[in-house]
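The values are calculated or read from the model by the stated rules, or taken from the named source; none is laboratory data. Worth saying up front: this structure is predicted, and the values here are computed from it rather than measured. Counting neighbours? That spans all protein chains shown, and the Cβs are built from the backbone with ideal geometry, glycine included.
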Amino acid sequence: MKFTSRPTAAVLGVALAAAALTGCTETAAGGGAAGGDVASGACDPADVTLVGQVRNESNPYEASWLDGGDAFAEQVGLTQERLTYDGDSTRQQEQISQLLAGDTECLVMNILPNGDSDTPPIVEGAEAAGAYLVTQWNKPADLNVADYDSWLSHITYDGVESGRQIGDALAEAIGGSGGIVALQGILDTGAAKDRFAGLEESLAGNPDVELLDDQTANFSRAEALEVTKTLLTKHGDDIKGIWAANDDMALGALEALQQAGRDDVAVVGIDAVPDALTAIEEGTMTATVSSDGPWQGGIGLAIGYCVATGELAVEDIAADDRAWFAEQFLIQQDNVADFVSPETSEADFACDNLFSRSQGAIS
Amino acid sequence: MSTPVLAQPASDAPVVARPTVGQRLTSFMPVIALVVLLAALTVVDPGFFTLSSLTAAVRTAAPLVVLAAGATVVVLCGGIDLSIAALCSLATVFFALWLPDLGGLTTLAIVAVAGAIGALQGVAHVLLRIPSFIVTLGGMSIFSAIALVISDAGPIPVSDRGTTHWLTLYVAGVLPMAFVVALVVVAVVSLVLRLTPVGSWVRAIGYSESAARLAGSPVDLVKVGAFTLSGACAGLAAVMLVSRNFSGSPTMADNLLLPAVAAIVVGGTAITGGHGSLWRSLAGALVVTLLRVGLPIVGVPSAYEQILYGAIIVAAVALTLDRSKVLIIK
């Protein structure tokens with residue numbers, strides 16, 4: 001065993017010697033990190049590296065996001081590097097830090113942070129390395145995009161708006177009066193709170209619609225099935241409609257309705273997952289809301305590409321366009337065909353048209 | 001000048017058989033596997049073999065090295081600690097919650113508390129005679145649940161970064177401080193195992209617990225010590241994760257359990273106990289980290305990534321395991 005511990009001792013010795021000889025530094029030496037000089041976008045279009053990162057390609061919405069990124073990359077004659085991190089925050093950070101250790105001068109990243117708290121390390125890493133970053137969906141409210149040069153834009157969706165849209169669609173489907181129940185998401189998430197606030201706005205505008213009950217089913221299909229069964233037993237035929245804060249719960253509610261032999265109840269959700277679109281086509285579900293995944297995958301890369309190649313300067317991006325709500329689309333039976341296989345259009349990604357879907361700055 | 005002539009006791013140094021070339025080669029296999037993997041990644045993407053890229057990789061590896069190092073001692077004793085990742089996640093939550101009150105002492109408090117929790121599992125293991133697999137499996141789900149409850153099932157941001165700032169520095173501009181700390185942990189534990197009887201006790205327990213007990217080794221004490229060390233290492237790994245992510249979260253380290261076990265096995269430590277060492281786990285952790293971050297970065301599609309990961313892990317174990325030391329496979 002004697003020889004086996006020598007390498008350990010050697011490594012330790014070298015490390016201690018290095019520590020003694022030189023001090024500690026804030027950043028790693030060596031190539032890559034150009035150091036924040038990002039506002040000068042002078043990359044040759046051919047030198048730009050495009051990276052899209054989402055949780056999981058097995059999620060149809062996120063796979064369509066990466067496909068949209070590929071479509072944009074093809075449009076400008078490049079390819080997109082597709083990264084996934086399996087919904088694991090630690091793995092996401094590991095991938096980003098490895099990515100930022102490479103050549104970052106013309107690196108464009110379109111990132112879906114796993115949660116709000118995962119955004120700060122990504123933003124600071126990109127800022128230090130001088131890589132162009134666009135984030136979507138998750139950002140702590142107190143983190144200000146305009147404080148950074150490399151973080152070009154943050155895009156999200158107004159949950160109040162989508163909650164109200166499907167609330168109104170539900171009210172219309174039940175003829176403007178009657179009882180509904182609400183299935184809420186994970187209660188301490190912004191999405192769940194905003195969407196329910198949207199429902200409350202919708203109820204205020206439809207005084208004859210009565211909210212009989214609201215329960216949380218934690219965005220889960222299985223929990224929604226159980227909760228809906230209970231609510232159907234409790235309220236019976238008074239229930240004319242079910243408002244769910246996402247499609248998975250809406251699909252769970254549909255399952256419960258089928259088991260109970262009820263086909264007179266309207267169901268609405270949010271996210272436009274393929275099963276929900278099928279249900280809308282068949283007429284068993286009333287409405288859902290789409291954020292347009294392929295567009296999301298392309299627009300983040302497009303913003304970074306336009307800045308990297310100098311067609312758009314960071315300081316010329318309006319303050320309102322640094323953190324903004326993008327347009328979302330209410331899907332009902334009459335327009336569901338347009339969303340079953342969504343496609344991107346080149347015009348959406350033109351450098352003078354990047355912010356055309358803005359519904360206003362995030363307040 | 002007449003010193004009483006005492007009968008010289010027989011030298012208690014055992015006869016040391018010089019290792020053969022083959023044995024030496026096997027013992028360096030983890031390092032060889034590491035170099036081969038690095039070479040392969042460089043061939044696929046020449047941009048991967050740069051100083052900054054390697055710096056980022058060892059920085060990423062630091063928490064995994066510490067986790068694997070602690071658990072290696074438990075494995076050497078013939079047990080397994082499945083709770084390390086969940087305990088590490090719980091410790092990140094504790095860290096985020098306690099930092100405002102404890103300030104600079106938080107790091108020490110976390111390592112101590114995590115060590116104490118590890119010791120508790122060790123005591124349950126030796127006193128109640130429950131297999132370590134079961135004790136730590138129970139621990140894993142208990143710690144996960146506690147972390148979820150006390151954190152309200154969400155991440156807790158750490159706004160005061162001063163306490164962990166030292167971990168994000170770089171020694172000599174290239175070596176991340178977190179990795180240096182990981183090396184120090186590996187070196188110190190290795191030295192303690194080598195220079196004190198603890199090392200022989202651990203190996204004896206791993207090879208044959210009943211024989212070790214008959215020979216008078218403090219089996220129970222050593223096992224509790226191993227679990228304590230494993231817990232403390234999970235605490236230290238948690239501090240490293242917080243320093244990197246600026247938050248504590250009840251699931252932050254959960255996905256590091258299998259990589260940590262893989263690191264131990266890829267290093268060539270026998271999962272059945274007895275044979276192995278910490279520096280092997282260090283090399284194993286670097287191999288696993290290179291696979292985790294390297295494969296996607298050099299452009300392997302995510303569908304093939306998992307296949308390659310599994311295949312390379314099995315191949316690496318086949319390479320690094322010293323079959324002459326492992327007579328029983330389970």
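B:Ile80 passes every criterion in (1) in a helix (DSSP H, G or I); (2) modelled with pLDDT of 95 or more apart from (1).
Within the stretch B:147-190, the residues that satisfy the criterion of being facing chain A (nearest Cβ under 7 Å) and touching a residue at least 24 places away in the same chain (Cβ under 8 Å) are B:Gly154, B:Pro155, B:Pro157, B:Tyr170, B:Val174, B:Leu175, B:Leu183, B:Val186, B:Ser190.
On inspection, B:Leu51 passes the criterion of being more than 21 Å from the chain's Cα centre (by Cα) and within 14 Å of chain A (Cβ to nearest Cβ). Within the stretch B:255-268, not a single residue is in contact with a Leu (Cβ under 9 Å, 6 or more places away or on another chain) and over 15 Å from B:Ala69 (Cβ atoms).
Restricting attention to the stretch A:197-224 and to residues that are assigned to a helix (DSSP H, G or I) and touching a Leu at 6+ places or on another chain (Cβ under 9 Å), the residue that is surrounded by the most Cβ atoms within 10 Å (Cβ to Cβ) turns out to be A:Ala224.
Here B:Leu34 passes the criteria (1) more than 14 Å from chain A (Cβ to nearest Cβ); (2) in contact (Cβ under 8 Å) with a residue 12 or more places away in the chain; (3) not hydroxyl-bearing (Ser, Thr, Tyr) except the one numbered (1).
Per the conditions (1) within 11 Å of another protein chain (Cβ to nearest Cβ); (2) within 26 Å of B:Ala303 (Cα to Cα); (3) within 17 Å of the chain's Cα centre (by Cα); (4) modelled with pLDDT of 90 or more, the sole criterion not satisfied by A:Trp137 is (1).
Residues considered: B:Leu193, B:Leu229, B:Leu241, B:Leu221. Of these, the only one that is in a helix (DSSP H, G or I), in contact with a helix residue (DSSP H, G or I) (Cβ under 6 Å, 6 or more places away or on another chain) and away from chain A (no Cβ under 14 Å) is B:Leu229. Name the residue that is modelled with the highest pLDDT, counting only residues in the stretch A:46-67 that are small (Gly, Ala, Ser) and assigned to a helix (DSSP H, G or I). Applying the filter and picking the extreme gives A:Ala46. The number of residues in the stretch A:68-104 being of a type in the set (Ser, Thr, Tyr), surrounded by fewer than 22 Cβ atoms within 10 Å (Cβ to Cβ) and part of a helix (DSSP H, G or I) comes to 1. Taking the stated definitions as given, is B:Ala234 more than 17 Å from B:Thr164 (Cα to Cα) and either buried (at least 24 other Cβ atoms within 10 Å of the Cβ) or small (Gly, Ala, Ser) (or both)? Criteria not met by B:Ala234. Among the residues making up the stretch A:109-122, those that are more than 7 Å from chain B (Cβ to nearest Cβ) and either part of a loop (DSSP other than H, G, I, E, B) or in contact with a Cys (Cβ under 9 Å, 6 or more places away or on another chain) (or both) are A:Leu112, A:Pro113, A:Asn114. Number of residues in the stretch A:93-108 that are among the charged types (D, E, K, R) and away from chain B (no Cβ under 11 Å): the value is 1. Summed over the stretch B:138-186, the residues that are part of a loop (DSSP other than H, G, I, E, B) and more than 19 Å from A:Thr25 (Cα to Cα) give a count of 8. Criterion first (under 21 Å from the mean Cα position of the chain (by Cα) and in the same structural domain as A:Arg322 (by TED's automatic domain parsing)) does A:Ser153 satisfy it? When the stated conditions are applied, A:Ser153 passes them. Listed by position, the helices (runs of 4 or more DSSP H) contained in the stretch A:235-314 that have at least 1 residues being surrounded by fewer than 24 Cβ atoms within 10 Å (Cβ to Cβ) and acidic (Asp, Glu) are A:247-259, A:274-282. On the basis of being in contact with a strand residue (DSSP E or B) (Cβ under 6 Å, 6 or more places away or on another chain) and either in contact (Cβ under 8 Å) with a residue 12 or more places away in the chain or over 30 Å from B:Ala318 (Cα atoms) (or both), does B:Tyr207 make the cut? For B:Tyr207, the condition - in contact with a strand residue (DSSP E or B) (Cβ under 6 Å, 6 or more places away or on another chain) and either in contact (Cβ under 8 Å) with a residue 12 or more places away in the chain or over 30 Å from B:Ala318 (Cα atoms) (or both) - is not met.
Number of residues in the stretch A:323-342 that are in a loop (DSSP other than H, G, I, E, B) and more than 18 Å from the chain's Cα centre (by Cα) equals 6.
For (1) over 21 Å from the mean Cα position of the chain (by Cα); (2) outside the structural domain of A:Gly178 (by TED's automatic domain parsing), each residue gets a yes or a no:
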| site | (1), (2) |
| --- | --- |
| A:Ile242 | yes, no |
| A:Ala253 | yes, no |
| A:Val273 | no, no |
| A:Ile303 | no, yes |
| A:Val314 | yes, yes |
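Is there a residue in the stretch B:105-118 that is within 27 Å of A:Asn114 (Cβ to Cβ), in contact (Cβ under 8 Å) with a residue 40 or more places away in the chain and in contact with a Cys (Cβ under 7 Å, 6 or more places away or on another chain)? So far as the stretch B:105-118 goes, no, none of its residues is within 27 Å of A:Asn114 (Cβ to Cβ), in contact (Cβ under 8 Å) with a residue 40 or more places away in the chain and in contact with a Cys (Cβ under 7 Å, 6 or more places away or on another chain).
The residue of the stretch B:267-290 that is nearest to the other protein chains (Cβ to nearest Cβ), among those that are in a helix (DSSP H, G or I) and touching a Ser or Thr at 6+ places or on another chain (Cβ under 6 Å), is B:Trp279.
Which residues, taken from the stretch B:279-297, are under 15 Å from B:Phe28 (Cβ atoms) and over 12 Å from the mean Cα position of the chain (by Cα)? Scanning the stretch B:279-297 gives a single hit, B:Val287.
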